[in-house]
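The values are calculated or read from the model by the stated rules, or taken from the named source; none is laboratory data. All values reported here derive from a predicted model rather than from experimental measurement. With ideal geometry, Cβ positions are generated from the backbone for all residues, glycine too; neighbour counts draw on all protein chains shown. These accessible areas exclude ligands, DNA and RNA; they are computed on the full protein's heavy atoms, side chains included. Shrake-Rupley method; radii C 1.70, N 1.55, O 1.52, S 1.80 Å.
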Amino acid sequence: MRYFIVLGFLIVATIPATTSQIPDLPEIDQNAYVGLDWGTAGILYAFSHPSVVNQSKQLIEFGFNFILNNSYSIENTKILAWEKGPELKTGIYPGRKYGAVGIIESFLSLYNSTRKAIYLEVAEETFRVLMNQAVENTTQPHWGYVYHDVNSAEGISLTGLEFGASGVLDMAMKIYEITEDNYYLDSATKIGNWLVLNSKQKDREAEEFSIPWYSSVPGFADVEIFEYNRGIAGIAPVLAKLGILTGNSTFSTVAMGLGNRLISMQLKNGGWTNQNDTTFVMTNFAQGAAGIIYGLHRLGLTMKTEKFDDAISNGLDFIFSNFQKGKGFRVFENEQIFRNGLYNGNLGIFMVLLELMDRLSPTQESILTEALADYLATQLLYGEFENQIFAIMRFSPSQNDPYDISFADGLAGVLWLLLSKKETLKSLGIDTEDTIDAILYTLKFALDQDGMWKRQIQLPQRAKLFSQTTSERVILQIGVTFLALLVIVRRKYHSSIL
């Protein structure tokens, strides 16, 4: 039997009389992107959560129009394909980070929350444009990372979720689940066939498979990427799902083989190098252990197997071995580098750990709870602008880093996590309501006069940051005249009936 003892205390302090001007920050990326990771699609994805979608209607409309207005134009005709942004004319990008896949994902999420047909219609049309652009689009569709001919996606074809074919495959299945239109399942099957064609059996006895990041690029045929965003940890659960939807055991076999490969490549310390020709061992979601164990977790759920449980547990131990009190999780093993965002820093690790709560030991759960409270108290900075409270976050804990509002590395990712894991956070004693309101206000005034969000921003000169005492872990309790931090220590006691 489990007993949960929650110890809480409230630290109350009046807001300091003095506030500080917003400092100028160096090396700000003030480009406006359209894609999911750094651009408008990512902010709309965060706004699409059912609990805030209605109050964000106007901002969503601005963002939706910005994306459509900045689609690719040829001879004064708009086509549902995208370059990086209005000032970044470097070619058409199909992938999730910059292009169509991330935009489809955002619009599907908006449709699921609002049931407004326009979002699904644009998502479907965008997918069909992608399929028409694909190389070998009637048999084994694939796309170059970037291309310049709207009628042909010729280029270096990639396989992973972030930039490659498995990201398109993932969207095909999501549209199929909504529409039940077999065109999307047939398209998914064709893309899956191309991925299987590029797979390699690494160890017949151990039933290990791998899929290279690049396809048919001299000198790169043997490069394996293990991470979630670009590599086989992300491809495996997508292929497994395709196997279930189609009843095609080939997809399931290769998916399990990719999982087996990840087990065999796990290091003794529980981590992984991000690819087979490097020595980088990382903790984060995009490139490190957090994303890999997340992929194995999804694969295990889809295939209804516990085969990957030990690898997941060892990966969790590795992540917690790189925790440093007051700073969070190191990005690289044994190096003092920390990041804040969803893809590259603490936030993404929190997301995975909250997803895997049932697998955490009592000690790990206690560390997670304290780390979350500390993160919200010290890495989110609060202030006042036009008599309303805002929240902002730097790219990393460094005082010289810019304020980032993107999904992958900044504030939109924080909003998405707080909304999607709200009930789990509440069970840990972490109330996020006022923080959510403060982030929504920041994203509202960060929308510029041209109706677009830039990835990183300078706050208005009239904005004031409240003083914060990091060592006391004081978090602003918005809407009242005091600062409060509820620190939760959650301990599990096990007893057995004799």
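Each row is one residue, and each column tells you yes or no for (1) assigned to a strand (DSSP E or B); (2) open to solvent by 30 Å² or more (accessible area, probe 1.4 Å); (3) closer than 24 Å to SER48 by Cα; (4) among the β-branched types (Val, Ile, Thr).
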| residue | (1), (2), (3), (4) |
| --- | --- |
| LYS97 | no, yes, yes, no |
| GLY102 | no, no, yes, no |
| SER113 | no, yes, yes, no |
| VAL122 | no, no, yes, yes |
| GLY160 | no, no, no, no |
| TYR176 | no, yes, yes, no |
>> What's the total number of residues in region 322-337 that are open to solvent by 20 Å² or more (accessible area, probe 1.4 Å) and of a type in the set (Phe, Trp, Tyr)?
In response: 2
> For region 52-76, what are the residues that are outside any strand (DSSP E or B) and open to solvent by 60 Å² or more (accessible area, probe 1.4 Å)?
Replying inline: ASN54, GLN55, LYS57, GLN58, GLU61, PHE62, ASN65, ASN69, GLU75, ASN76
>> Tell me the residue from TYR343, TYR375, TYR382 that is part of a helix (DSSP H, G or I), open to solvent by less than 50 Å² (accessible area, probe 1.4 Å), out of contact with any Lys or Arg (no Cβ under 9 Å at 6 or more places or on another chain) and touching a residue at least 40 places away in the same chain (Cβ under 8 Å), please.
In response: TYR375
> So which residues in region 136-153 are of a type in the set (A, V, I, L, M) and either surrounded by fewer than 18 Cβ atoms within 10 Å (Cβ to Cβ) or free of Cβ contacts under 8 Å to residues at least 12 places away in the same chain (or both)?
Replying inline: VAL150
> Does ILE392 satisfy being farther than 23 Å from ALA311 by Cβ and either surrounded by fewer than 20 Cβ atoms within 10 Å (Cβ to Cβ) or of a type in the set (A, V, I, L, M) (or both)?
Replying inline: yes
> Does LEU301 meet the test of being out of contact with any Leu (no Cβ under 9 Å at 6 or more places or on another chain), open to solvent by 20 Å² or more (accessible area, probe 1.4 Å), closer than 26 Å to LEU418 by Cα and of a type in the set (A, V, I, L, M)?
Replying inline: yes
>> Looking at region 411-422, I want the residues that are outside any helix (DSSP H, G or I) and have a partner that is modelled with pLDDT of 95 or more with Cβ atoms under 6 Å, at least 6 apart or on another chain. Which pairs are those?
In response: LYS421/LEU354
> Are any residues in region 164-174 in a helix (DSSP H, G or I) and either surrounded by fewer than 20 Cβ atoms within 10 Å (Cβ to Cβ) or not acidic (Asp, Glu) (or both), and if so, which ones?
Replying inline: ALA165, SER166, GLY167, VAL168, LEU169, MET171, ALA172, MET173, LYS174
>> Name the residue that is nearest to the chain's Cα centre (by Cα), counting only residues in region 77-95 that are open to solvent by 20 Å² or more (accessible area, probe 1.4 Å) and farther than 19 Å from GLU125 by Cα.
In response: LYS84
>> Of all residues being of a type outside the set (A, V, I, L, M, F, W, C) and surrounded by 17 or more Cβ atoms within 10 Å (Cβ to Cβ) in region 353-364, which is farthest from ASP434 (Cα to Cα)? Just the residue, please.
In response: GLN364
> Of the conditions (1) under 18 Å from TRP453 (Cβ atoms); (2) open to solvent by less than 20 Å² (accessible area, probe 1.4 Å), TRP38 fails just one. Which one is it?
Replying inline: (2)
> Between a first residue in region 442-466 that is within 19 Å of TYR33 (Cβ to Cβ) and open to solvent by 10 Å² or more (accessible area, probe 1.4 Å) and a second residue that is in a strand (DSSP E or B) and of a type in the set (A, V, I, L, M), which pairs have beta carbons less than 8 Å apart while being 6 or more apart in sequence or on different chains?
Replying inline: ALA446/ILE457
